[in-house]
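Novice: Sharing a structure with you now.
The values are calculated or read from the model by the stated rules, or taken from the named source; none is laboratory data. Because the structure is a prediction, the values reported are computed rather than measured. So basically every Cβ, Gly included, is an ideal-geometry build from the backbone, and we count neighbours across all protein chains shown. Accessible surface areas use protein heavy atoms only, side chains included; no ligands, DNA or RNA. Shrake-Rupley method; radii C 1.70, N 1.55, O 1.52, S 1.80 Å.
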Amino acid sequence: QVQLVESGGGQVQAGGSLRLSCAASGRTDRRYAMSWFRRPPGKEREFLAAISRSGGSTSYGDSVKGRFTISRENAENMVYLQMNSLKPEDTGVYYCAAGLKPFSNRAGQYDYWGQGTQVTVSS
């Protein structure tokens, strides 16, 4: 089992930046593909970014490409999402996910999920 805890959410004005963190604990002896998803209010869950087990490969959703950056620090069991040029439509609950399968933009590929952290972007 792996436990994931997100932090770093909050309220920011449009054009601002936030950095989300995801701390993994439990079976961290295994290396997991990691990802970030979000659920905007009243909408479906949306893929944002994923990173391979080694950190050598990344993938981004079209809505955040060029603005968000995913990274990981395996020694610290941490994953980050740097979010720049935030827009009101980036508002939502942001989730960190971990999986043993190769990294993917599909939520079903991930085995473990955090509780989420709220991000609110005001115009």
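Novice: Restricting to the stretch 44-70, give me the number of residues that are assigned to a loop (DSSP other than H, G, I, E, B), farther than 16 Å from Arg19 by Cβ and either of a type in the set (Gly, Ala, Ser) or open to solvent by less than 50 Å² (accessible area, probe 1.4 Å) (or both).
Specialist: 8
Novice: Tally the residues that are in contact with a helix residue (DSSP H, G or I) (Cβ under 7 Å, 6 or more places away or on another chain) and in a loop (DSSP other than H, G, I, E, B), restricting the search to the stretch 71-107.
Specialist: Selection size over the stretch 71-107: 1.
Novice: In the stretch 13-33, which residues are closer than 18 Å to Ile51 by Cα, in a loop (DSSP other than H, G, I, E, B) and open to solvent by 60 Å² or more (accessible area, probe 1.4 Å)?
Specialist: Asp29, Arg30, Arg31
Novice: Pairs please, first residue from the stretch 20-46 and within 17 Å of Gly8 (Cβ to Cβ), second anywhere and open to solvent by 100 Å² or more (accessible area, probe 1.4 Å) and of a type in the set (Gly, Ala, Ser), Cβ atoms under 6 Å, 6+ apart in sequence or on different chains.
Specialist: Between residues of the stretch 20-46 that are within 17 Å of Gly8 (Cβ to Cβ) and residues that are open to solvent by 100 Å² or more (accessible area, probe 1.4 Å) and of a type in the set (Gly, Ala, Ser), there is no close pair.
Novice: Still on this structure, I have one more. Take the residues in the stretch 73-116 that are open to solvent by less than 40 Å² (accessible area, probe 1.4 Å) and among the polar types (S, T, N, Q), then tell me which one is modelled with the highest pLDDT.
Specialist: Per the criteria, the residue is Thr91.
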